[in-house]
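The values are calculated or read from the model by the stated rules, or taken from the named source; none is laboratory data. Remember, it's a predicted structure, so these values are computed and weren't measured experimentally. Cβ sites come from the backbone with ideal geometry, for glycine too, and all protein chains shown count toward neighbours.
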Amino acid sequence: MTDLTESLIGRETPLHITKYDGSYHRRWPGRFVLQEGPLSLVSFAAGDVIARTPVVADDPAQSPSRWPGDLYLWDDRWYNVSRMPRGGRIWFYVNIATPAEFDGAQFHCIDLDLDVSWFVGAEPQVLDEDEFLAHSESMRYPADVIERARAAVDEVLGLIGQRAFPFDRA
């Protein structure tokens, strides 16, 4: 661990999510836990505010997170993973997105609409295919972005099927 990552432990390091056209989508709260190679781990608490604006106070429709959890962000994978206890079960919610970029204070990625939801013990569900199709056309996703998004869904489903990291943390 470097001095920089040690100094970040426990500090607020939110994830800012935009859409492919540059419009702001969401600010996800989080506190830095660790960075190991391409993986960064951020935690969030129940009650942490999720906002639809970069500055939480500017969002008239703030919503608190209903569950605590961990957010796995990679700078080399086209998805990020939230792991949350929910109703006595573990729930994984995977956002298909560009690899996370970190500037030393906050993370950023571009949401590519597709999501995978998986409760341990159930079948995973791929969500928002219709939104992905509509946005790939209206926002003109390049062919390579479409291919990477679809490949990311396949990779996530494979990791879930194998119960490989981070889906082994049930």
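For region 130-154, the set of residues classified as exposed (fewer than 10 other Cβ atoms within 10 Å of the Cβ) and either hydrophobic (A, V, I, L, M, F, W, C) or under 8 Å from residue 114 (Cβ atoms) (or both) consists of 143 only. Just so you know, in region 25-42 the residues that are more than 19 Å from residue 111 (Cβ to Cβ) and not in a strand (DSSP E or B) include one that is modelled with the highest pLDDT, and it is 38. Note on region 99-129: among residues that are farther than 16 Å from residue 14 by Cα and β-branched (Val, Ile, Thr), the one that is nearest to the chain's Cα centre (by Cα) is 116. Checking each residue in region 81-96 for being closer than 17 Å to residue 145 by Cβ and out of contact with any Phe, Trp or Tyr (no Cβ under 6 Å at 6 or more places or on another chain) picks out only 95. One residue stands out among those in region 6-24 that are outside any loop (DSSP other than H, G, I, E, B) and closer than 20 Å to residue 58 by Cβ: the one that is modelled with the lowest pLDDT, which is 12.
Please count how many residues of region 115-128 are without any contact (Cβ under 8 Å) to a residue 24 or more places away in the chain and assigned to a strand (DSSP E or B).
If we filter region 115-128 for residues that are without any contact (Cβ under 8 Å) to a residue 24 or more places away in the chain, which is where we start, we get 115, 122-123, 125, 127-128.
Filter again for assigned to a strand (DSSP E or B), leaving 115, 125, 127.
The qualifying residues number 3.
Residue pairs whose Cβ atoms lie under 9 Å apart, separated by 6 or more positions or on different chains, with the first residue in region 129-142 and within 18 Å of residue 94 (Cβ to Cβ) and the second assigned to a helix (DSSP H, G or I) and aliphatic (A, V, I, L, M), are 132/146; 132/149.
Residues of region 143-170 that are of a type outside the set (Val, Ile, Thr), assigned to a helix (DSSP H, G or I) and within 26 Å of residue 91 (Cα to Cα): 148, 149, 150, 151, 152, 154, 155, 157, 158, 159, 161, 162. Just the residues that are surrounded by fewer than 16 Cβ atoms within 10 Å (Cβ to Cβ) and either assigned to a strand (DSSP E or B) or modelled with pLDDT of 90 or more (or both), please, taken from region 50-64. The answer is 63, 64. The residue that is farthest from residue 83 (Cα to Cα), counting only those in region 1-43 that are among the aliphatic types (A, V, I, L, M) and surrounded by fewer than 20 Cβ atoms within 10 Å (Cβ to Cβ), is 4.
Scanning region 92-129 for residues that are among the small types (Gly, Ala, Ser) and surrounded by 20 or more Cβ atoms within 10 Å (Cβ to Cβ) returns 97, 100.
Scanning region 76-91 for residues that are surrounded by fewer than 16 Cβ atoms within 10 Å (Cβ to Cβ) and either without any contact (Cβ under 8 Å) to a residue 12 or more places away in the chain or in contact with a strand residue (DSSP E or B) (Cβ under 7 Å, 6 or more places away or on another chain) (or both) yields 87, 88, 89.
Of all the numbered requirements in (1) of a type in the set (Phe, Trp, Tyr); (2) crowded, with 18+ Cβ neighbours inside 10 Å; (3) in a loop (DSSP other than H, G, I, E, B), residue 67 misses one, and that requirement is (2).
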